[in-house]
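Novice: Submitted below is the structure of interest, expressed as structure tokens.
The values are calculated or read from the model by the stated rules, or taken from the named source; none is laboratory data. In this text, all values refer to a predicted model and were calculated from it rather than measured experimentally. Keep in mind that these areas ignore ligands, DNA and RNA; they rest on the heavy atoms of the full protein, side chains included. Shrake-Rupley method; radii C 1.70, N 1.55, O 1.52, S 1.80 Å.
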Amino acid sequence: MNGGRVLRLGVLGSGRGSNLEAIVHAIDEGRLPAALAAVLSDRPEARILELGRKSGARTGAIVPSEPRGPLGAGTEEEFVRVLREENVELVVLAGFMRIVGPVFLAAYPRRIINIHPSLLPKHRGSRAAAQALAAGDTVTGCTVHYVDEGVDTGEIIAQREVPVFPGDTAETLQARIQTAEHELLPAVIASFAGHE
Ligand code: GRF
């Protein structure tokens, strides 16, 4: 156990931030012994930054020179600098639409995790719910995994299954998967908090 200490989190996202909301709720309800130290994005207009500000975390957008894909070494250094300034111990990617590279990975070995809306190794990459429907899956789910240099390829930490119902669209299925994500991700982070 960690002797009552709280785990300092850095959350990175590019979008809506519903997983960040779930993390904040878990902290507020005493289910997660963590502190939200920083919320960072590659997109200045991302809603996740607004949520981070409301939670009192340090927030910032660090915009890579390329519009998509890898962050690039300079941008990675900038993310790492801010996270270190805030003494972040665990980096959580929650809808972060960028590929993290060697600079970032070396700074936080086995301390960067990602949430993905499928039962990996199935349906890597974007639009995982649509991929599950196209494959005719009757069960899909979500995965929390360590981040490596690939896209959704790192070692799996935990998964939760979600049923696919007849008549599901990518949107209805994604919404059901997200409900499961909102339980799984705070629970996995809590396990890191308990094993420092
Ligand atoms: C989630 O479905 C997550 O699995 C994927 O991106 C989505 C982010 O959603 N990587 P939100 O921004 O947390 O609402």
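Novice: Per-residue ellipticity at 222 nm for the chain, helices alone: DSSP H runs ≥ 4 residues times -39500 (n - 2.57), over residue total, nearest 500 deg cm²/dmol?
Specialist: My calculation for the chain gives -11000 deg cm²/dmol from helical runs alone.
Novice: Let me ask something else about it. Expressed as a whole percentage, what fraction of the accessible surface of the chain belongs to carbon and sulfur atoms when a 1.4 Å probe is rolled over the protein heavy atoms?
Specialist: 53
Novice: Could you work out the pair-distance distribution P(r) of the chain from its alpha-carbon pairs, with 10 angstrom bin width and percents rounded to whole numbers?
Specialist: For the chain, the binned pair fractions read 9, 37, 37, 14, 2 percent.
Novice: Next question, about the same structure. Kindly report the accessible area of the chain per residue (heavy atoms of protein chains, probe 1.4 Å, no ligands, DNA or RNA), in Å².
Specialist: Values: 9150 Å² over 196 residues.
Counting only protein heavy atoms, the per-residue value for the chain is 47 Å².
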